[in-house]
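The values are calculated or read from the model by the stated rules, or taken from the named source; none is laboratory data. Given the structure is predicted, the values throughout are model-derived calculations rather than measurements. So basically every Cβ, Gly included, is an ideal-geometry build from the backbone, and we count neighbours across all protein chains shown. For the accessible areas, the whole protein counts, side chains as well, though only heavy atoms, and no ligand, DNA or RNA atoms are used. Shrake-Rupley method; radii C 1.70, N 1.55, O 1.52, S 1.80 Å.
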Amino acid sequence: MSPLLAGLFVLVCLLALLAIGTPIAFALGFVSIATLIIVDGWDVVSILGETFFGGLASFGLVSIPMFILMGSAVASSNAGKDLYEALDRWLNRVPGGLVLSNLGACSIFAALSGSSPATCAAIGKMGIPEMTARGYPKEIAAGSIAAGGTLGILIPPSITMIVYGIATETSIGRLFLAGILPGLMLTCLFMVWTIYSCHRQGIGLDALGRRYSMAERFQALPRVIPFLLIIVGILYVLYGGVATPSEAAGVGALFCIILVMIIYRMWRVSQMSQIFRDTLKESVMIMMIIGASELFSYTLSVLFVTQSIAEWIASLAVNQWVLMAIVNLFLLVAGFFLPPVAVILMTAPILLPIIIQAGFDPYWFAVVLTINMEIGLITPPVGLNLYVINGIAPDITLSQILRGSLPYVFCMVAGIVLLCIFPGIALWLPNFFMGPAL
Amino acid sequence: MYVRWVDRLSQACGAVSIILIMASVLVVSQMVFVRYILSASTVWQTEFVIYALVAATFLGSPYVLLHKGHVNVDLLIGNARSGPKFYLKLLADLIALAFCALLAWSGWEHFHEAWSGGWTTDTVWALPLWIPLLPLPLGIGILCLQYIAELIKAWEARI
């Protein structure tokens, strides 16, 4: 059997297992080991434990549970509410200020939590009722928060970026830097679109809310600033080359836990254990997929699938932008069904050689890939953010949320197009701070 | 009886994993303090953290299964009628169980080799290698037990 055919066969089996609801980690593992047994016989089972263990035992992966812990500490506190209030107090006299504070709060919270659904839940709980109360249409209220929440996986520190870095052996610090400007660009695109569509529906942009005195404005800050300092601190430490991502994440997690204990008085054992239980669930789920995908990419390379696909694509000699469009389409479809981490782990080993061969930058590609995954988060059938919004705002129907989110999908596509025309949006910052990539 | 016993075992494993995660946070922070503030070198911290978190992953996996945390695509079976749905879930669980059983067995072999060969890690700390290797067969073994418990639950729920 030719490698390409074998690869297709493996893929079909994998999709079948996923479709019947096998957990992603075990479906990947089962397909891999079954293929290896068919090719090499039963003896191959003995490498299973070693490969799985070896795939997980690396210091780089330590950052994943640590960042998850940091995020879940912040997400379980009222930090989202305070952040939202602080921004609202400062911006509510600015035209369209409510939109700005909603999306701004999303992008800052996204940085802290590194998780899209958590961002949606934290900001949406405050933001959506506030927007509807001030007469914004439900669609816009829900859609802007759903879209703003997706920024969690793009703005650093981001778990999916770490996973990409590990899967492709690229620098995590550089990936984080590459995500900053595109994250801000998307935030601006979202803001512009939201304000424009409000304007078009004849909604006045002058805030109807109350005035806040300067004293009230400053009052809102002390609870918010420590968390902002943690983000700045982490980014500084990473780019100063002072410490590794894992070290920064560990210390960041410790600080966040101490902060929520002090600021939000979350002393009780039940509150703490909830934070750790959430962390355990999320990190075990991701780590098991990482271990299994290690096995999966090993299997694909034993079958020469990875190499053959890259060669095959090269032999087609298509225009690099046509190739990029196809890759994007593929990622988009994968993102419709699978969570971002799984898509990255399964496709990165196959796609990266193709991408590099076609002359694209792996860091730039990471950003494009992540935006594709963001789209998957607000599109059916498994758009996680849609369901989160549906959960926190029961009076908005799923179809209203969907209609509201759709324009933001186009904003993200526009973002990808902009990145293709101006790759510097992603690459300028890392090159500026860390010198050109090797 | 079996189901209740296994559920408790998984809960206990989850608690151990949480303690390992807490310990890792403290050790990473201590390591950063020693390395960057005291400018001293560290010996065991890096390895400890790596292995503690790997152990937390394996030992935590039955707990995560108990709480339905291993993410899957429930698109098709979410919409299926209850008859076919049961068999699809059964098949999915059996496939997962088969993989986990192979993984646990293979992990056990690996552990056993390290144990009888007296292997250590190739660092200054020279930790006996069987210690970090044990959580794989142990945690995944319990994961298999938990899968069997889930199958029993599904079967009982059907009747």
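The spread of Cα positions in the stretch A:238-351, taken along each principal axis and listed from longest to shortest, comes to 61, 31, 27 Å. Compactness of the stretch A:121-166 was expressed as the Cα radius of gyration divided by 2.2 N^0.38 Å, which yields 1.47. In this simple spin-label approximation, residue A:406 and residue B:127 carry label points 7 Å from Cα along the Cα→Cβ vector, and these lie 5.4 nm apart. Coupling constants for the stretch A:403-419 follow from the phi torsions by the Karplus curve (6.51 cos²θ - 1.76 cosθ + 1.60, θ = phi - 60°), and in residue order they are 4, x, 7, 3, x, 6, 4, 5, 4, 5, 4, 4, x, 5, 4, 4, 5 Hz; glycine and proline get x.
Size of the stretch A:170-285 from its Cα atoms: along the principal axes, largest to smallest, the extents are 49, 40, 32 Å. Stokes-Einstein diffusion for the stretch A:359-438 at 25 °C, viscosity 0.890 mPa s, with a Kirkwood radius from C-alpha pairs, works out to 171 µm²/s.
Only protein atoms count toward the accessible area here, which uses a 1.4 Å probe; on the stretch B:1-125, the carbon and sulfur part of that area reaches 67 percent. Applying D = kT/(6 pi eta Rh) to the stretch A:236-285, where Rh is the Kirkwood radius over alpha-carbon pairs, T corresponds to 20 °C and eta to 1.002 mPa s, the Stokes-Einstein value obtained is 174 µm²/s.
Accessible area of residue A:90 (1.4 Å probe, protein heavy atoms only, ligands and nucleic acids ignored): about 90 Å². Shape analysis of the protein assembly as shown based on the Cα gyration tensor places the equivalent ellipsoid semi-axes at 38, 28, 26 Å, largest first.
When the charge dipole of the protein assembly as shown is built from unit charges on Cβ atoms (+1 for Lys and Arg, -1 for Asp and Glu) and taken about the Cα centre, the candidate among A:110, A:57, A:96 whose Cα reaches farthest toward its positive end is A:96. Each residue of the stretch A:378-383 was assigned a 3J(HN,Hα) from its phi angle through the Karplus expression (A = 6.51, B = -1.76, C = 1.60, θ = phi - 60°), giving 10, 10, x, x, 10, x Hz with x at Gly and Pro.
FRET efficiency for the pair residue B:37 and residue B:3, taken as 1/(1 + (r/R0)^6) with r the Cβ-Cβ distance and R0 = 56 Å, rounds to 0.65.
In the stretch A:376-438, Cα pairs under 8 Å separated by at least six residues give a relative contact order of 19 percent.
With +1 on the Cβ of every Lys and Arg and -1 on the Cβ of every Asp and Glu, and nothing else charged, how large is the dipole of the protein assembly as shown about its Cα centre, in debye rounded to the nearest 20? Charge dipole of the protein assembly as shown: 1900 debye, to the nearest 20.
When only Cα pairs under 8 Å and 6 or more residues apart are kept, what is the percent relative contact order across chain A? Relative contact order, chain A: 26 percent. Computed 3J(HN,Hα) for the stretch A:182-198, one whole-Hz value per residue from the Karplus formula 6.51 cos²θ - 1.76 cosθ + 1.60 where θ = phi - 60°, is x, x, 5, 4, 5, 4, 5, 4, 4, 4, 4, 4, 4, 5, 4, 6, 5, glycine and proline marked x.
Cα centroids of the stretch B:44-60 and the stretch A:2-24: 31 Å apart.
All Cα-Cα separations within the stretch B:1-131 were binned at 5 Å from zero, giving a P(r) of 2, 9, 11, 15, 17, 14, 11, 8, 6, 4, 3, 1, 0, each value a whole percent of the pairs. Based on the Stokes-Einstein relation at 20 °C and a viscosity of 1.002 mPa s, and on the Kirkwood radius from alpha carbon pairs, the stretch A:276-327 is assigned a translational diffusion coefficient of 157 µm²/s.
Extent of the stretch B:12-61 along its three principal axes (Cα atoms, max minus min coordinate, largest first): 38, 14, 9 Å.
If you split all Cα-Cα distances of the stretch A:88-238 into 10 Å bins from zero, what percentages do you get per bin, shortest first? Spelled out per bin, shortest first, that is 11, 37, 33, 15, 4, 0. Between the stretch B:134-155 and the stretch A:419-438, the C-alpha centres lie 47 angstrom from each other. Peptide A:50-60 has a mean shielding of 5, counted as Cβ atoms of other protein chains within 10 Å of each residue's Cβ. Rounded to the nearest 10 degrees, the angle from helix A:3-19 to the longest Cα principal axis of chain A is 50 degrees.
Relative to the longest principal axis of the Cα atoms of chain A, the long axis of helix A:63-76 lies at roughly 30 degrees. Computed over every Cα-Cα pair of the stretch A:5-159 and binned at 5 Å starting from 0, the pair-distance distribution P(r) comes out as 1, 9, 13, 13, 11, 10, 10, 9, 8, 6, 5, 3, 1, 0, 0 percent. Rg over Rh for the stretch A:84-173 works out to 1.08, both radii taken from alpha-carbon positions and Rh defined as the Kirkwood radius. Once backbone amide H atoms are built at 1.01 Å from N, residue B:120 has B:129 as its partners under 5 Å, excluding neighbours fewer than 5 places away on the same chain. The mean sequence separation of alpha-carbon pairs under 8 Å and at least six residues apart, normalised by the residue count of the stretch A:62-209, gives a relative contact order of 28 percent. Our helix-only sum for the protein assembly as shown, with -39,500 (n - 2.57) per DSSP H run of n ≥ 4 divided by its residues, gives a mean residue ellipticity at 222 nm of -26000 deg cm²/dmol. For the chain pair A and B, the interface hides roughly 4700 square angstrom of accessible area in total, found with a 1.4 Å probe. In the stretch A:270-298, which residues become less accessible by 50 Å² or more once every protein chain is in place, relative to the chain on its own, using a 1.4 Å probe? Buried by the other chains: A:276, A:280, A:281, A:284, A:285, A:288.
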